[in-house]
Amino acid sequence: MPKAWSTKRERQYEHVKEGLEEKSSSEGTAKEIAARVVNKERARSGEAKQKSKTSTEDISSGRRGGLRSHKGPGGRTKAQLYEEAKKKNIEGRSSMSKAELGKAVGR
């Protein structure tokens with residue numbers, strides 16, 4: 001953990017790291033992801049000296065993970081559903097909409 005982080009950010013880092021380790025991520029991967037999450041949140045709140053456009057304009061890390069986890073209303077992209085339909089050899093997949101592909105692959 002960098003020394004520039006506040007106590008709050010250190011707690012956040014530990015919380016994210018422990019959560020990832022519980023989900024069977026390796027320790028190195030958990031540390032890297034946790035540091036990226038904390039740094040992004042620092043950039044979003046104006047604590048960091050450097051920040052990218054996506055760090056400040058994209059949705060927060062916590063919300064983004066939930067929305068892009070292939071669950072919920074957004075779910076997988078049409079291309080991902082199409083590829084799964086292709087693997088399952090579903091006929092007529094090329095003319096199906098995203099909703100139709102979702103029903104056809106059974107998710």
*For residue 103, list the lysines whose Cα falls under 23 Å from its own Cα; do not include residues on the same chain fewer than 8 positions away.*
71, 78, 86, 87, 88
*Please give the length that would be gained between residue 18 and residue 36 if that part of the chain were fully extended, namely 0.36 nm times their separation in residues minus their C-alpha to C-alpha distance (nm, one decimal).*
5.0 nm
*Can you give the Kirkwood hydrodynamic radius of the stretch 15-60 from its Cα pairs, in Å with one decimal?*
11.2
_If amide hydrogens are placed 1.01 Å from N in the peptide plane, which non-local residues have theirs closer than 5 Å to the one on residue 51?_
none
*residue 29 versus residue 54, label points 7 Å from Cα toward the beta carbon: distance in nm?*
1.9
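Bear in mind that the values in this text are calculations on the coordinates, not laboratory data. These numbers come from a predicted model, not from an experiment. A quick note on method: Cβ atoms are made from the backbone with ideal geometry, for glycine too, and the neighbour counts reach across all protein chains shown.
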